[in-house]
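Here's the structure we're looking at; comments come further down.
The values are calculated or read from the model by the stated rules, or taken from the named source; none is laboratory data. Just so it is clear, the model here is predicted, and its values are computed rather than measured. Positions of Cβ are generated from backbone atoms using ideal geometry, with glycine treated the same way; all protein chains shown enter the neighbour counts.
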Amino acid sequence: MVPLSWYVALGAGLFVIGAAGVLLRRNVLVVLMSLELMLNSANINFIAFSRFLGDLGGQVFAIFVITVTACEVAVALAILVTVLRNKATLEVDEIAIMKG
Amino acid sequence: MNTDMIIASIVASLPEIIIIAGACLLLLVSLIPARGRMVLFAGLSLAVVAAAAIATYALAGPVRPAYGGMFVVDGFAVFFKIVVLMVTALVILMSPKYLEEEDLERGEYFVLLLFALAGMMIMTSAIDLVSIYVGLELMALSVYVLTGFMRHDSRSNEAALKYVILGAVSSAIFLYGVSLVYGLTGATQLSELAAALSRDGPSDPMLVLAVVFMVTGLVFKVGAAPLHMWVPDVYEGAPTTITAFMSVGPKAAAFAIILRIFPEALTVVDDIWLPVVTVVAVLTLTLGSFVALVQTNIKRMLAYSSIAHAGFALLGLVAGGQDGIAGIMLYLLIYAFMNLGIFGTVVMMRKGDFSGENIEDYAGLAKSHPGLALLMLIFLFSLAGIPPTAGFFAKFYILAALVAQGHVALAVIAVLLSAVAAYFYLRIVMLMYMKEPARSFDLALTPPLRLALAVAGLGTVGIGLLPAWFLDMARGAVFPGIG
């Protein structure tokens, strides 16, 4: 059986890659994809711990997270569409006009 | 789970059920053309809020656990539910005329407001990390959409996009912390979590990481530094009524979660989160007070002012104990009245082509509208914390709790920074009373908005006159187990 630490390391790795993507990439769609990585790293943790502890609570939590994340992405993409109607660009630096 | 427990759970969550059912009905009603019917929609949603308020009031008293330890109705939850219900009712009162002026006449506005309210009420009652997360996201998703409600305005679009991305990042950080805590304790229910932590002791270094991640995720929701960057942009871009809503409602609900998680469930590991919260509180207070000084847009200035207020309330968490927590609860109640009042006056300025968002636009208001100027003066004095308004007592009880716990240096810093903050509130008072008006005032004052302003003014003055009574109410609502 694969030891628990491998799963946790995978989760941590995904989280860091996702965080780096959100911070460094300038394309909104890539930022949204990186966000998914961050959220799914938590899911990997939940499911790995749940299996390791023999407790179903973590898997239930992961299902909730998947559902809510789907809604979140739907809302984010809808907002992105309204942004694109006014200004046809996916670069975050060009969308930002408010300062201070 | 037998039938009796299911019925008891449904009864305990009746206010939330009323709001969600009402919101779904309103969604159907909003199929009729909305133009010119904003008062009808506002009236219907007010009726839903009133019904939920009655149910909340009827449920007050005994502690009612529900849904297998996921949800509880206790004095703490009822207190916060009353705050968020009142906030939503006042925002609904402010909305119809503003939506007409902004050409946003859509019934979905009120539906989303009600869903956000349901999310906030779940947050106040949630005692399991799962229900906390679901309530938080229900609130957040509704507010993301409301922020971007002005679809043809690129500032509103930008605000919504920033909010949804940064909000999702903070949720991800919070969830990652939760997943680590789950791995370390095997529990998501807050009381089991506390039991597991006090049994094993704070031995694992992973716990430091987990707790810091959870603090980070939640601190974002109240808009505290260094995760405050979204606040000014989102507050400026969102419709003003929604800015008013999210500056008080979601903030109060997020504080309810923070108070349930940190002083209660994670009290064993307070040597991890207490230093973090202390630094965050002082940083937030400093940044909010100083950056607000240079703002020219009133919504942006109030955004920084709300950052400073969040910092002040977080100081109550540093003080801790029953006094600190009751102090935060009273602070949030008072802050809701005075901040909605001042935002009500920003809403009334919006008419025709005139945005009224510039601070200079208030010059000479006292000449033509002395009553309104006096009301604004009360709100601004209260925000600045000048006695005998309620804002003074809000700050006073937090400071008293800090001093009682021996944090004298923090109390001195807080007082000095409040003096800095007083400057930018008093600048508006000076503009209203000392300057000549540049143009004649044409205000979008409707009877519902007048009512909202009157209620906010009454709250601000009333709590200022009877602070001890309200403090006792907050004290009585603090959950047991806090010494």
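Within the set A:Leu14, A:Leu23, A:Leu56, the sole residue that is more than 8 Å from chain B (Cβ to nearest Cβ), at pLDDT 95 or above and within 30 Å of B:Thr188 (Cβ to Cβ) turns out to be A:Leu14. Scanning the range B:87-105 for residues that are assigned to a loop (DSSP other than H, G, I, E, B), touching a residue at least 24 places away in the same chain (Cβ under 8 Å) and away from chain A (no Cβ under 14 Å) yields a count of 1.
Taken over the range B:11-55, the criterion of being modelled with pLDDT of 95 or more and of a type in the set (Val, Ile, Thr) is satisfied by B:Ile17, B:Ile18, B:Ile19, B:Ile20, B:Val48, B:Val49, B:Ile54.
Take the range B:392-414 and flag every residue that is surrounded by fewer than 13 Cβ atoms within 10 Å (Cβ to Cβ) and either part of a helix (DSSP H, G or I) or in contact (Cβ under 8 Å) with a residue 40 or more places away in the chain (or both). Give the steps one after another, and end with the answer.
Let us first name the residues in the range B:392-414 that are surrounded by fewer than 13 Cβ atoms within 10 Å (Cβ to Cβ), namely B:406, B:408-409.
B:Val408, B:Ala409 - these are the residues of the range B:392-414 that are surrounded by fewer than 13 Cβ atoms within 10 Å (Cβ to Cβ) and either part of a helix (DSSP H, G or I) or in contact (Cβ under 8 Å) with a residue 40 or more places away in the chain (or both).
For the range B:371-391, filtering for residues that are under 18 Å from B:Ile359 (Cα atoms) and free of Cβ contacts under 8 Å to residues at least 24 places away in the same chain leaves 1. Screening the range A:81-100 for residues that are at the interface with chain B (Cβ under 7 Å from one of its Cβ atoms) and assigned to a loop (DSSP other than H, G, I, E, B) and picking the one that is modelled with the lowest pLDDT gives A:Gly100. Here is the figure for the range B:119-169: residues that are crowded, with 23+ Cβ neighbours inside 10 Å, among the polar types (S, T, N, Q) and at the interface with another protein chain (Cβ under 7 Å from one of its Cβ atoms) total 1. Here A:Ala76 qualifies as of a type outside the set (Lys, Arg), part of a helix (DSSP H, G or I) and at the interface with another protein chain (Cβ under 9 Å from one of its Cβ atoms).
Can you tell me how many residues within the range B:178-192 are facing chain A (nearest Cβ under 9 Å) and surrounded by 24 or more Cβ atoms within 10 Å (Cβ to Cβ)?
Of the range B:178-192, the ones facing chain A (nearest Cβ under 9 Å) are B:178-180, B:182-184, B:186-189.
From what's left, surrounded by 24 or more Cβ atoms within 10 Å (Cβ to Cβ): B:178-180, B:182, B:188.
The total comes to 5.
Within the range B:276-295, residues that are in contact (Cβ under 8 Å) with a residue 12 or more places away in the chain and under 17 Å from B:Leu416 (Cα atoms) sit with their Cβ atoms under 8 Å from residues that are assigned to a helix (DSSP H, G or I) and of a type in the set (S, T, N, Q), at 6+ positions apart or across chains, in these pairs: B:Gly288/B:Ser305; B:Gly288/B:Ser306; B:Ser289/B:Ser418; B:Ala292/B:Ser305. Among the residues of the range B:198-239, those that are away from chain A (no Cβ under 11 Å), assigned to a helix (DSSP H, G or I) and over 27 Å from A:Val16 (Cα atoms) comprise B:Ser198, B:Arg199, B:Asp200. Among the residues examined, B:Ala116 qualifies as under 30 Å from A:Ile95 (Cα atoms) and not β-branched (Val, Ile, Thr).
Out of the residues in the range B:416-441 meeting the condition of being in a helix (DSSP H, G or I) and out of contact with any helix residue (DSSP H, G or I) (no Cβ under 8 Å at 6 or more places or on another chain), tell me which one is modelled with the highest pLDDT.
Residues of the range B:416-441 that are in a helix (DSSP H, G or I), as a first pass: B:416-434.
Next, from what is left, pick out any that are out of contact with any helix residue (DSSP H, G or I) (no Cβ under 8 Å at 6 or more places or on another chain): B:416, B:419, B:423, B:430, B:434.
Working: B:Leu416: 94, B:Ala419: 91, B:Tyr423: 91, B:Met430: 91, B:Met434: 90.
Here the answer is B:Leu416.
Only residues that are touching a residue at least 24 places away in the same chain (Cβ under 8 Å), over 19 Å from B:Leu117 (Cα atoms) and among the acidic types (Asp, Glu) were counted across the range B:1-46, and they come to 0.
Of the residues screened, A:Gly54 is one that is at positive phi and out of contact with any strand residue (DSSP E or B) (no Cβ under 7 Å at 6 or more places or on another chain). Residue check: A:Ala48 meets all listed conditions (1) over 20 Å from B:Arg155 (Cα atoms); (2) more than 9 Å from chain B (Cβ to nearest Cβ) but one, namely (2). When B:Ala454 is tested against (1) free of Cβ contacts under 8 Å to residues at least 60 places away in the same chain; (2) touching a helix residue (DSSP H, G or I) at 6+ places or on another chain (Cβ under 7 Å), exactly one condition is not met: (2). Taking the criterion of being assigned to a loop (DSSP other than H, G, I, E, B) and under 29 Å from B:Ser131 (Cβ atoms), the residues of the range B:26-76 that qualify are B:Ser30, B:Ala60, B:Gly61, B:Pro62, B:Val63, B:Tyr67, B:Gly68, B:Gly69, B:Met70, B:Asp74.
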